[in-house]
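> Questions regarding the structure given below will be posed in turn.
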Amino acid sequence: MKKKKLLMITWRDIKSPFAGGAETFTHQILKRLKKKFDITVLTSAFPHCRLKETIDGINYLRLGSKRFNYIGVYNWRIYFSVFRYYLTTIRKSQHFDVVIEQINNIPFLYALYGERNAFIQIHQLCRQNWFYQVPKLLAWIGYLFFEPLYLWLLRNKKVITISQSTKKELVRYGFKKSNIYIAPVGNILEPLKTLKGIKKFARFTILSLGNIRNMKRTHHQVIAFELAKQKVPSLQMFISGSPAGSYAAMVFDMIHKSPYKKDIHYLGHLSDKQKREYLQKSHCILTTSTKEGWGLTVTEANSQGAVAIGYSADGLRDSIKHNKTGILCYQHTPECLAKNIVKLYKDKKLYQQLQKNAWEWSKSFTFENSAKAYLDIIDN
């Protein structure tokens, strides 16, 4: 039987030097959809990339300047390049049965000028994150005008997202509940076969997992560690993730000046193998983002036997079930984080119950389940 054709439009791909969890998620889904679809991905070029490349049977077409990714947060040309490609190629000679347009803060608006039945994929809205990513004037423009405007323009489109938090937010901006579909995240770290025999660090250990960026509020975690350390002298902390700009410099300066700096260890970027090792040995991870689509690091940690303590923010309140699989801090303060670190250190029965529940829940987050949800959404 002849395969249908699927077009994915996204601002960066799995081989981009800026690729993260969202790009891994997208590629893993497409790998499973290729059984039923011939897949083309329009995405942005980056230094030294191949403009046309087939990866795992998926055809990637990279547009725009190879040098442009070094300027600013976005490869801005990709948005104009996709529009030009539509005018010169898709409209004239190509037909796609399914189109999925990913939105990461800036929309392509392909669903307005291209195939009208295109799906929109939104992991999370930007909202307050504007103030953590661009200068204040641009942040206010994005927050008050730009994002509400494009959401209003797209309000009648069908949306694929990954959490109830994002769905509720989209409904507040005029999208119909019946047009919003949730596809669960997948976890690239295979859950442990059993929790028995896990060798944790001898000292109670907390891990900060994720890039060191201001929207992640890594400095809250450092302060929380210092506060908890006063009550748990043996406590130690590991910080992983790539540093970003002046914010990361500020965090490193905090660590250097900390009275407990000998017990704070920076690991840099971790490979999947290293991540698995540190998650298995650490007791807890801290997650303090202002906003997430889901909170994939939480699910990854749970699959390896670590318990998450996080702020009750969008996405994190989806990936952490309070007092069932982890602990949510309804006060977004280092003091609240520290209190719960000490709580889990002292209450070993509670820790073991959260650990078991979280590990069991993590087993349901597979890319097979995610791909099945995508197929159901597309077919219906």
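The values are calculated or read from the model by the stated rules, or taken from the named source; none is laboratory data. Just so we're clear, the structure is a prediction, and the values are computed from it rather than from any experiment. All Cβ positions, even for glycine, are placed from backbone atoms using ideal geometry, and neighbour counts span all protein chains on display.
> State whether one or more residues within segment 223-245 are at pLDDT 95 or above, in contact with a helix residue (DSSP H, G or I) (Cβ under 9 Å, 6 or more places away or on another chain), farther than 20 Å from Lys281 by Cβ and not in a helix (DSSP H, G or I).
Scanning segment 223-245 turns up at least one residue that is at pLDDT 95 or above, in contact with a helix residue (DSSP H, G or I) (Cβ under 9 Å, 6 or more places away or on another chain), farther than 20 Å from Lys281 by Cβ and not in a helix (DSSP H, G or I).
So that you can scan it fast, the table gives a plain yes or no per residue for (1) surrounded by fewer than 16 Cβ atoms within 10 Å (Cβ to Cβ); (2) closer than 28 Å to Ile212 by Cβ:
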| site | (1), (2) |
| --- | --- |
| Ala22 | no, yes |
| Leu33 | no, no |
| Asp38 | no, no |
| Gln94 | yes, no |
| Ile100 | no, no |
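> Any idea which of Glu360, Glu300, Glu335, Glu368 is within 19 Å of Lys193 (Cβ to Cβ), in contact with a Leu (Cβ under 9 Å, 6 or more places away or on another chain) and outside any strand (DSSP E or B)?
That would be Glu300, the only listed residue that is within 19 Å of Lys193 (Cβ to Cβ), in contact with a Leu (Cβ under 9 Å, 6 or more places away or on another chain) and outside any strand (DSSP E or B).
> Something else about it: Among the residues in segment 204-220, are any among the aliphatic types (A, V, I, L, M), over 23 Å from Phe18 (Cα atoms) and assigned to a helix (DSSP H, G or I)?
Scanning segment 204-220, I find no residue that is among the aliphatic types (A, V, I, L, M), over 23 Å from Phe18 (Cα atoms) and assigned to a helix (DSSP H, G or I), so the answer is no.
> Is segment 144-154 home to any residue that is at pLDDT 90 or above, assigned to a loop (DSSP other than H, G, I, E, B), more than 23 Å from the chain's Cα centre (by Cα) and surrounded by fewer than 13 Cβ atoms within 10 Å (Cβ to Cβ)?
The answer is no, given that none of the residues of segment 144-154 is at pLDDT 90 or above, assigned to a loop (DSSP other than H, G, I, E, B), more than 23 Å from the chain's Cα centre (by Cα) and surrounded by fewer than 13 Cβ atoms within 10 Å (Cβ to Cβ).
> Residues of segment 194-215 being basic (Lys, Arg) and in contact with a strand residue (DSSP E or B) (Cβ under 8 Å, 6 or more places away or on another chain), which ones?
Correct list: Arg203 only.
> Considering each of Lys216, Lys261, Lys200, Lys193 in turn, give the residue that is more than 28 Å from the chain's Cα centre (by Cα) and not polar (S, T, N, Q).
Among Lys216, Lys261, Lys200, Lys193, only Lys261 is more than 28 Å from the chain's Cα centre (by Cα) and not polar (S, T, N, Q).
> With Tyr278, Tyr311 as the choices, which residue is more than 18 Å from Glu360 (Cβ to Cβ) and crowded, with 23+ Cβ neighbours inside 10 Å?
Values: Tyr278 fails: crowded, with 23+ Cβ neighbours inside 10 Å.
Matching residue, one of Tyr278, Tyr311: Tyr311.
> Report every pair of residues separated by at least 6 positions or lying on different chains whose Cβ atoms are under 9 Å apart, first residue within segment 207-229 and of a type in the set (Phe, Trp, Tyr), second crowded, with 21+ Cβ neighbours inside 10 Å and in a helix (DSSP H, G or I).
The qualifying pairs are Phe225/Pro334; Phe225/Leu337; Phe225/Ala338; Phe225/Ile341.
> Limited to segment 261-297, what total is found for residues that are in contact with a Lys or Arg (Cβ under 8 Å, 6 or more places away or on another chain), in a helix (DSSP H, G or I) and touching a residue at least 60 places away in the same chain (Cβ under 8 Å)?
2
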